[in-house]
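Notes for the one structure printed next.
No lab work stands behind these numbers, since they all come straight from the coordinates. Treat the numbers as computed from the prediction; the structure is a model and nothing was measured. Note that each Cβ is placed from the backbone with ideal geometry, even for glycine, and that neighbours are counted across all protein chains shown.
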Amino acid sequence: MPQLKSGRHFGLSIEWLLKDLREGSRNAINAAIIQARIKMGTPEKLKNHLGIYYFEEGQGEPPNAPCYFSGLLVQQVLDGKSDWSQEEVEELRLWLQTERIETWVKERHQEVHKAVSEAFDGSIWNIMNDGD
C-alpha cells in the first residue's frame, strides 16, 4: 500500500463501480454503465474516479490491515476537497504519473470494460461499443 512522506497510508480501487456492475440492481447496473462509458472511457479518466481507501491506526500494518472507503475519489483529493495537505496532494499527483500506476490503471480500465460488457451481454450497449 502506498505511504506518503507524511506517513499517510492509502489505497486505490475501482471496486465500488465493479460491485454495482456485477451485483447491483438493474438501476445500479444501468447507472454504472453510463458512468463508466461517459466519465471513465479512457484509463486517464478512470484514474480520476478511483476510490481512495484509508487505514485506521492500531488495526495492523497495511496491506495486512482492514481498509475503508473514504467516500472520496482521486479527482476530489486532487481538487483539494479533502483533509489532505497540499504536499500530500502533490505527492499523490506525482505518484499517479508513475509507469507502475499507469500500467495498473490500464489493467483496471480493461477490467471495467469487461464488466460492462458482461453486464449487458449482447445488448444495445455492446453494439454501440463496436467502434472502440
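Within the set Lys39, Lys47, the sole residue that is crowded, with 16+ Cβ neighbours inside 10 Å, in contact with a helix residue (DSSP H, G or I) (Cβ under 7 Å, 6 or more places away or on another chain) and of a type in the set (D, E, K, R) turns out to be Lys47. Only residues that are more than 19 Å from Glu44 (Cβ to Cβ) and without any contact (Cβ under 8 Å) to a residue 60 or more places away in the chain were counted across the range 75-124, and they come to 10. Restricting the range 56-69 to residues that are touching a residue at least 24 places away in the same chain (Cβ under 8 Å) and part of a strand (DSSP E or B), the residue that is surrounded by the fewest Cβ atoms within 10 Å (Cβ to Cβ) is Phe69.
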